[in-house]
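Reviewing the structure listed below.
The values are calculated or read from the model by the stated rules, or taken from the named source; none is laboratory data. Nothing here was measured: the structure is a model prediction, and the numbers come from that model. Quick reminder, even Gly has a Cβ in these numbers, built from the backbone with ideal geometry, and neighbours come from all protein chains shown.
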Amino acid sequence: MIKILTVIGARPQIIKASALSRAIETHFSDQITQLLVHTGQHYDENMSNVFFDEMGIPAPDFNLHVGSSSHALQTAKIMEGIEDLILSEKPNAILVYGDTNSTIAAALAASKMEIPVIHVEAGLRSFNKSMPEEINRILCDHVSTLLFCPTETAIKNLSQEGFKLAENEKATIDSPIVFACGDIMYDNSLHFSEVSAQKSTILAENELTANQFILVTIHRNANTDSETNLNAIFQALEKVQVESGLDIVLPLHPRTKKMMETLLSEDLKNKLADNNHFKIIPPAGFLDIIALEKNARLIITDSGGLQKEAFFFEKPCVILRPETEWVEIVNNGNALLADADEERIVSATFQLLNKKDFTYPPIFGDGKSALFIAQKIIEKL
């Protein structure tokens, strides 16, 4: 029996981990046992029993309760907690997702204790090291034993960094194995799309009509904490609403709400307040976000996850960042980079609204990546 400690630090990672939990429970329960460790990196009131029960996600076996703090302090606390769990639980491997401080902290602690690291979402690169996430994902990849890549671009990135792509009989930290497995969030989008259709009432609650609104999310510091960027984004959104006639729906991140109150011009605040078609709503849960994504005409976001989900649900996407790690959707014409530039946001939005010839090739796999990951863990550890 292979024993895995799966480490997550934020709600998106719990959702990702649920796909592997389902795969283990339904196909590999006699070969893999998984313990879920929530570091507490991000506290969220939705991280409750209701959240886990509603979505059928296993509750964490351990919670380190590290809370918010500086990057260094948070990473150190997580490393200390993971080290203690490795000593007490004696896992065969540590599994991590993505690029958070929880990801790199767990990977460093495990690798220094000679415990194999399994990195899901390996090989992603924005090529912007001013992003903490870029540092985390690069370092994590280079101490990992099994690297599961969501796209062929991710495979190429690792090859260019010196990883050998030949598949060994068994994996070690000095002889890691790189796999193309597809995107585990595609597994979840397919699964939870059906759950969302049954349970979400967010469209009715907000009097929204399918394909008659634009979904917007804003949460990155570079956008929320810059007066110039935040005003440019909201000026663009207000202009898009007026000129398109479509509703704007913005589930408001708490940090964005706070910074809007502080940084937006009074004139712009008044315009938004007087516009009944500019719907600022409370943060939406995962099932509600899926319902909004599936029914939106277009998505405008600075979230990496929503960029992909826009593609999964065949919606065009305007990206409020200067670059993206999901270059495939831009190269395929499904998304446009607009950064926090008012003119570029408006132009990109109408360019995509008027575009007719979208294609959606299987860039992110077949929706069965979790089964593939579990099988390869059994074979290669």
Inset, instruction - Considering each residue of segment 79-136, count those that are over 19 Å from the mean Cα position of the chain (by Cα) and of a type in the set (A, V, I, L, M, F, W, C), and give that number. - result: 13
Legend entry - Candidates Asp84, Asp53, Asp99, Asp44 - the one that is at pLDDT 90 or above and under 25 Å from Leu287 (Cβ atoms): Asp99
Inset, instruction - Keeping to segment 345-381, report how many residues are surrounded by fewer than 19 Cβ atoms within 10 Å (Cβ to Cβ), charged (D, E, K, R) and more than 12 Å from Ile184 (Cα to Cα). - result: 5
Legend entry - Count of segment 361-381 residues which are of a type in the set (Phe, Trp, Tyr) and under 21 Å from Pro176 (Cβ atoms): 1
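Would you point out the residue of segment 102-129, among those that are out of contact with any strand residue (DSSP E or B) (no Cβ under 7 Å at 6 or more places or on another chain) and within 25 Å of Asp187 (Cβ to Cβ), that is modelled with the highest pLDDT? Lay out the reasoning, then the answer.
Residues of segment 102-129 out of contact with any strand residue (DSSP E or B) (no Cβ under 7 Å at 6 or more places or on another chain): 104-105, 108-109, 112-114, 124-129.
Narrowing further to those that are within 25 Å of Asp187 (Cβ to Cβ): 104, 124-126.
Values: Ile104: 98, Leu124: 95, Arg125: 95, Ser126: 90.
That would be Ile104.
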Inset, instruction - Considering each residue of segment 264-302, count those that are assigned to a helix (DSSP H, G or I), surrounded by fewer than 20 Cβ atoms within 10 Å (Cβ to Cβ) and either among the charged types (D, E, K, R) or free of Cβ contacts under 8 Å to residues at least 24 places away in the same chain (or both), and give that number. - result: 7
Inset, instruction - Scan segment 305-325 for residues that are free of Cβ contacts under 8 Å to residues at least 60 places away in the same chain, farther than 14 Å from Val216 by Cβ and either basic (Lys, Arg) or crowded, with 22+ Cβ neighbours inside 10 Å (or both) and jot them down. - result: Phe311
Inset, instruction - Kindly indicate the residue of segment 88-109 that is over 30 Å from Glu328 (Cβ atoms) and touching a residue at least 12 places away in the same chain (Cβ under 8 Å) and also surrounded by the fewest Cβ atoms within 10 Å (Cβ to Cβ) among those meeting that condition. - result: Lys90
